[in-house]
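Undergrad: Take this structure first; my questions come after.
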Amino acid sequence: MEKFVIEGGHRISGSVSISGAKNSALPILAATLLSDEPSVIKNVPNLRDITTMIKILRTFGLRVLSGNGTIRVEPRGYNQCIAPYKLVSTMRASICVLGPLLAKKGFAQVSLPGGCVIGPRPIDLHIKGIKALGANVSIGGGYVYARAKRLHGNKVYLGGAFGSSVLATANVMMAATLARGTTIIENAACEPEVVDLADFLVKMGAKIKGQKTHVIEIQGVKRLSGAEHTVIPDRIETGTFMVAAVMTNGDIEIKGAIPDHVGAVVDKLVEAGARISIKNDRIKVCGRNRLKPINVTTLPYPGFPTDMQAQLMAAMCVTAGISIITEKVYPERFIHISELNRMGAQIMLEGSSAIVNGIPRLSGAPVMASDLRASAALVLAGLVARGTTEVHRIYHIDRGYEMIAEKLHSLGAQIRREKED
Ligand code: EPU
């Protein structure tokens, strides 16, 4: 196992390029299952979750070639439709093979993903959606089994207790591309990753309308071809570097981003006192000596993203006042609080709100990464803490941030990767 060792107190400056979005690339790779023809996906980040998805596709019998950020998938003749527990348990996003397998092969057996440290991860909306398209669904032995000779279009409302669902929308949209007739998804997620997936499906020949809205209409077609697609830049990586610059009173230029995708993050960081300017795909971010406290509520897009909540909390730890951060997407996603408090932060949890009493400086400590975004928050905290911070179990961060240590180091942060003793 490896850890990050961070010497805090260094401003970051310079420029950094953003990698492709993991949460776009994963469902797009799953969508290649819908065709018999090869697809080529570019700008795919080199991450553990992507490697897991490649393994899953290979388990089904697909030929997958990858290198230099490009993945070529050759699906012709694949005949396995079982996504095993061993792989799904390491990455809940594996559930997005359910819709494509079912639509293309008439059968899918996918291990139930179960919960995780960010809270319960139910799949009721995924199941509701494919049932509405005519699938026969049963659950047994920890697996979901779905069968349908040919799916048929229908109207389905995909809202749960916490709003829309990104991957349920993705799953149902993918399944509907090959269904007979028209499907309308109401309360669809409109995250940029859903739009990117829809753009890829359209290149494959799918007929989709409304993918930037909460009502998506899909007219089923008989077959889809292969396609070539470039994955959008990662808005959460973009936001994480923005927070890093703001927290360290730094001055950086982020290149290759889509500024429209980080509107809510820009808005909140400006409220906290950052200076941000945008030109085309570049975002210039300058911090300030002591940030102002702010109140934030996470919401589905275009609201403030839950995947940026932990990182923003790290920044709020060192403001001059009290901030309240309310989590409305994953109300239990607060595992990072205890570790931030080990670094001297003053954070109290009240239901699904964190009350953060800003202090002048955190102090370096050994801390444990528990999930992807929580790990990023600990790295950010380490950048501004007095002394040395060791972030253990960084395999979590390797699931979703491409070369984060190298990128931060190139901006002047003192961070290195070491083997655990
Ligand atoms: N939900 C249900 N029923 C369902 C599905 C979801 O109640 O069938 C609930 C969830 O429990 C949650 C809310 O709906 O309370 C939203 O969850 P959503 O389904 O949108 O999450 P997801 O699609 O499983 C994706 C990202 C997550 C990100 C969420 C929310 C991928 C691979 N994952 O998950 O990313 O937090 O959307 O934006 O796209 C991450 O990258 O660190 C990460 C966890």
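Undergrad: Has the stretch 90-111 got any residue that is within 17 Å of THR52 (Cα to Cα) and basic (Lys, Arg)?
TA: yes
Undergrad: Here is a follow-up. Pick out the one residue from GLU327, GLU350, GLU332 that is among the acidic types (Asp, Glu), without any contact (Cβ under 8 Å) to a residue 40 or more places away in the chain, under 26 Å from ASP234 (Cα atoms) and not assigned by TED's automatic domain parsing to the domain that holds VAL88. So that I can check it myself, show each step before the final result.
TA: Working: GLU350 fails: under 26 Å from ASP234 (Cα atoms); GLU332 fails: without any contact (Cβ under 8 Å) to a residue 40 or more places away in the chain.
The match here is GLU327.
Undergrad: Being of a type outside the set (A, V, I, L, M, F, W, C), near the ligand (Cβ under 8 Å from one of its atoms) and modelled with pLDDT under 90 is the requirement here; does GLY115 meet it? Before you say what the answer is, go through the steps one by one.
TA: Values: of a type outside the set (A, V, I, L, M, F, W, C): yes; near the ligand (Cβ under 8 Å from one of its atoms): no; modelled with pLDDT under 90: yes.
Spelling it out, it is not the case that GLY115 is of a type outside the set (A, V, I, L, M, F, W, C), near the ligand (Cβ under 8 Å from one of its atoms) and modelled with pLDDT under 90.
Undergrad: May I ask you to list the residues in the stretch 278-309 that are in contact with a Gly (Cβ under 6 Å, 6 or more places away or on another chain) and surrounded by 22 or more Cβ atoms within 10 Å (Cβ to Cβ)?
TA: Passing the criteria: GLY287, LEU291, MET308.
Undergrad: Same structure again: Kindly state which strands (runs of 3 or more DSSP E) lie completely within the stretch 1-77 and contain at least 2 residues that are under 30 Å from MET343 (Cα atoms).
TA: Numbers: elements: 2-7, 13-17, 39-42, 63-67, 70-74.
Fully inside the stretch 1-77 and qualifying: 2-7, 13-17.
Undergrad: Next question, about the same structure. Look through ARG235, ARG275 and report the one residue that is surrounded by 19 or more Cβ atoms within 10 Å (Cβ to Cβ) and basic (Lys, Arg).
TA: When all the criteria are applied, what remains is ARG235.
Undergrad: Quick check: anything in the stretch 125-146 under 17 Å from VAL329 (Cα atoms) and touching a residue at least 12 places away in the same chain (Cβ under 8 Å)? Outline the logic, then answer.
TA: Step one: list which residues in the stretch 125-146 are under 17 Å from VAL329 (Cα atoms), which gives 125-126.
Remaining after also requiring touching a residue at least 12 places away in the same chain (Cβ under 8 Å): 125-126.
Within the stretch 125-146 (the criterion being under 17 Å from VAL329 (Cα atoms) and touching a residue at least 12 places away in the same chain (Cβ under 8 Å)), the answer is yes, since at least one residue qualifies.
Undergrad: Looking at THR177, is it over 24 Å from the mean Cα position of the chain (by Cα) and closer than 20 Å to LYS131 by Cα? Can you show your working first?
TA: Numbers: over 24 Å from the mean Cα position of the chain (by Cα): no; closer than 20 Å to LYS131 by Cα: yes.
No.
Undergrad: Identify, from the list ALA30, ALA21, the residue that is within 20 Å of VAL88 (Cβ to Cβ) and either of a type in the set (D, E, K, R) or at pLDDT 95 or above (or both). Break it down into steps so the answer makes sense when it comes.
TA: Numbers: ALA21 fails: within 20 Å of VAL88 (Cβ to Cβ).
Step by step, each of ALA30, ALA21 is checked, and only ALA30 is within 20 Å of VAL88 (Cβ to Cβ) and either of a type in the set (D, E, K, R) or at pLDDT 95 or above (or both).
Undergrad: If I ask for residues that are among the β-branched types (Val, Ile, Thr), assigned to a helix (DSSP H, G or I) and more than 9 Å from the ligand (Cβ to nearest atom), which ones from the stretch 89-112 would you list? Step through it out loud before you land on a result.
TA: Residues of the stretch 89-112 among the β-branched types (Val, Ile, Thr): 90, 95, 97, 110.
Adding the requirement that they be assigned to a helix (DSSP H, G or I) leaves 95, 97.
Once the filter is applied, which keeps residues that are among the β-branched types (Val, Ile, Thr), assigned to a helix (DSSP H, G or I) and more than 9 Å from the ligand (Cβ to nearest atom), the stretch 89-112 yields only VAL97.
Undergrad: Only residues that are within 8 Å of the ligand (Cβ to nearest atom) and of a type in the set (A, V, I, L, M, F, W, C): list them for the stretch 160-173, please.
TA: ALA161, PHE162, VAL166, LEU167, ALA168, ALA170
Undergrad: Another question, if that's okay. Can you run down the residue pairs with Cβ atoms below 7 Å, 6 or more apart or on separate chains, where the first is in the stretch 157-170 and part of a loop (DSSP other than H, G, I, E, B) and the partner is among the β-branched types (Val, Ile, Thr)?
TA: Correct list of pairs: LEU158/THR169; LEU158/VAL172; LEU158/ILE185; PHE162/VAL329.
Undergrad: I'd like the full set of residues that are of a type in the set (Gly, Ala, Ser), closer than 30 Å to SER164 by Cβ and out of contact with any Lys or Arg (no Cβ under 7 Å at 6 or more places or on another chain), limited to the stretch 267-307.
TA: Hit for the stretch 267-307 is GLY303, nothing else.
Undergrad: Moving on to the next point. As an exercise: evaluate GLY263 against (1) out of contact with any strand residue (DSSP E or B) (no Cβ under 8 Å at 6 or more places or on another chain); (2) touching a residue at least 60 places away in the same chain (Cβ under 8 Å) and give the number of the one condition it does not meet.
TA: Just one mismatch for GLY263, condition (2).
Undergrad: Out of all the residues in the stretch 104-114, is one or more of a type in the set (A, V, I, L, M) and crowded, with 24+ Cβ neighbours inside 10 Å? Before you say what the answer is, go through the steps one by one.
TA: The first filter runs over the stretch 104-114 and keeps only residues of a type in the set (A, V, I, L, M), leaving 108, 110, 112.
Restricting the remaining residues to those that are crowded, with 24+ Cβ neighbours inside 10 Å gives 108, 110.
Yes, some residue in the stretch 104-114 is of a type in the set (A, V, I, L, M) and crowded, with 24+ Cβ neighbours inside 10 Å.
Undergrad: Still on this model: Mind checking which residues of the stretch 171-191 are part of a helix (DSSP H, G or I) and either more than 19 Å from VAL97 (Cα to Cα) or not aliphatic (A, V, I, L, M) (or both)?
TA: Hits for the stretch 171-191 are ASN171, THR177.
Undergrad: With the structure loaded, tell me whether ARG386 is surrounded by fewer than 21 Cβ atoms within 10 Å (Cβ to Cβ), modelled with pLDDT of 95 or more and in contact with a Phe, Trp or Tyr (Cβ under 9 Å, 6 or more places away or on another chain) or whether it fails that test.
TA: Values: surrounded by fewer than 21 Cβ atoms within 10 Å (Cβ to Cβ): yes; modelled with pLDDT of 95 or more: yes; in contact with a Phe, Trp or Tyr (Cβ under 9 Å, 6 or more places away or on another chain): no.
Here the answer is no, as ARG386 does not meet what is asked.
Undergrad: In addition: Here is a list: ILE355, ILE335. Which entry is surrounded by fewer than 24 Cβ atoms within 10 Å (Cβ to Cβ), touching a strand residue (DSSP E or B) at 6+ places or on another chain (Cβ under 9 Å) and β-branched (Val, Ile, Thr)?
TA: Numbers: ILE335 fails: touching a strand residue (DSSP E or B) at 6+ places or on another chain (Cβ under 9 Å).
Going through ILE355, ILE335 in turn, the sole match is ILE355.
Undergrad: Given the criterion of a type in the set (Gly, Ala, Ser), within 15 Å of the ligand (Cβ to nearest atom) and crowded, with 24+ Cβ neighbours inside 10 Å, identify the matching residue among ALA176, ALA188. Spell out how you get there, then give the answer.
TA: Details: ALA176 fails: within 15 Å of the ligand (Cβ to nearest atom).
None of the others qualify; the one that does is ALA188.
Undergrad: Look through the stretch 16-49, keep the residues that are among the small types (Gly, Ala, Ser) and closer than 18 Å to ALA168 by Cβ, and return whichever of them is farthest from the ligand (Cβ to nearest atom).
TA: Applying the first criterion (among the small types (Gly, Ala, Ser)) to the stretch 16-49 yields 17, 19-21, 24-25, 30-31, 35, 39.
With the extra rule that they be closer than 18 Å to ALA168 by Cβ, the set shrinks to 24, 30-31.
Numbers: SER24: 8, ALA30: 10, ALA31: 13 Å.
If we take residues in the stretch 16-49 being among the small types (Gly, Ala, Ser) and closer than 18 Å to ALA168 by Cβ, then ALA31 is farthest from the ligand (Cβ to nearest atom).
The values are calculated or read from the model by the stated rules, or taken from the named source; none is laboratory data. Since this is a predicted model, take the numbers as computed values, not measurements. Because the Cβ atoms are built from the backbone with ideal geometry, glycine has one as well, and the counts that use them run over all protein chains shown.
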